[in-house]
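Down below is the structure, laid out as C-alpha cells.
The values are calculated or read from the model by the stated rules, or taken from the named source; none is laboratory data. Keep in mind that what you see is a predicted model, and the values were worked out from it rather than measured. A quick note on method: Cβ atoms are made from the backbone with ideal geometry, for glycine too, and the neighbour counts reach across all protein chains shown. When the accessible area is computed, the model is the full protein with side chains, heavy atoms only, and any ligands, DNA or RNA have been set aside. Shrake-Rupley method; radii C 1.70, N 1.55, O 1.52, S 1.80 Å.
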Amino acid sequence: PYFIDLNQNLYLQACLHNSDPNLKVFVDTCVASPDPRDFNTLVYDIVRNGCPRDPSYATFHSPSSHFARFKFNAFEFISRHPSVYLRCELMVCRLGDYSSHCYRGCTGRSKRDTGP
C-alpha cells in the first residue's frame, strides 16, 4: 500500500521493459475502484480511451519513449471505503507512427455516416 493525503498529487510512471528503441508507451485508460477485484461496479475514470476524465490529471514529458509519466489528485470513494485501487491500461506503439492511438491521443467516438 501507498499512503497519501486527500487532494495531494499522486505521481505515477509506467515503464516498458524492452530493448527496442522504436516503441512508445501511452496511457490509454486508468480507473480507480474501492474493490481490487471489481473495476466495473463502482469506478472512477481518471483517463478513458486516452481522454482525461479527471480535471487534475496531467502528463509529463519523459526523456525516453519507454516511460509514461502522469499525475492526479488523490481522492476517496465515500468515507466507507478506506482504500482506492488503480488499474491502468497502456498501449505500446511504434515510435513515429503518427496514425497510431499513441500519437492521436484522446479519441472520442466518431460519428456514423448517415449517407443515402
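Quick look at the values:
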read-out	value
Interchain or long-range residues, amide H under 5 Å from Leu23's placed H	Leu95
Within the stretch 10-28: backbone nitrogen closer than 14 Å to the Cys88 label point (7 Å, Cα to C-beta)	10-17, 25-28
Per-residue [θ]222 nm for the chain (sum of -39500 (n - 2.57) over DSSP H runs n ≥ 4, rounded to 500)	-500 deg cm²/dmol
Over the stretch 8-104, relative contact order from alpha-carbon pairs under 8 Å, at least 6 apart, %	39 percent
Karplus-derived HN-Hα couplings along the stretch 91-103 (A = 6.51, B = -1.76, C = 1.60, θ = phi - 60°), whole Hz, x at Gly and Pro	10, 10, 10, 6, 4, x, 7, 6, 8, 7, 4, 4, 8
Carbon/sulfur fraction of accessible area - the stretch 8-104, other protein chains in place, 1.4 Å, %	50 percent
J(HN,Hα) series, the stretch 24-38, from Karplus relation 6.51 cos²θ - 1.76 cosθ + 1.60, nearest Hz, glycine and proline x	10, 9, 9, 7, 8, 9, 9, 10, 10, 8, x, 10, x, 9, 9
Within the chain: Cβ-based charge dipole about Cα centre, in debye rounded to nearest 20 (Lys, Arg +1; Asp, Glu -1)	280 debye
Gain on full stretching of the segment that runs from Asn22 to Asp54 - 0.36 nm per residue minus C-alpha separation	8.5 nm
Shape call, the chain: gyration tensor on alpha carbons, a/c limit 1.5	oblate
The stretch 1-67: proportion of alpha-carbon pairs further apart than 17 angstrom, %	56 percent
Disulfide-incompatible cysteines by the Cβ rule (no partner under 4.7 Å) in the chain	Cys15
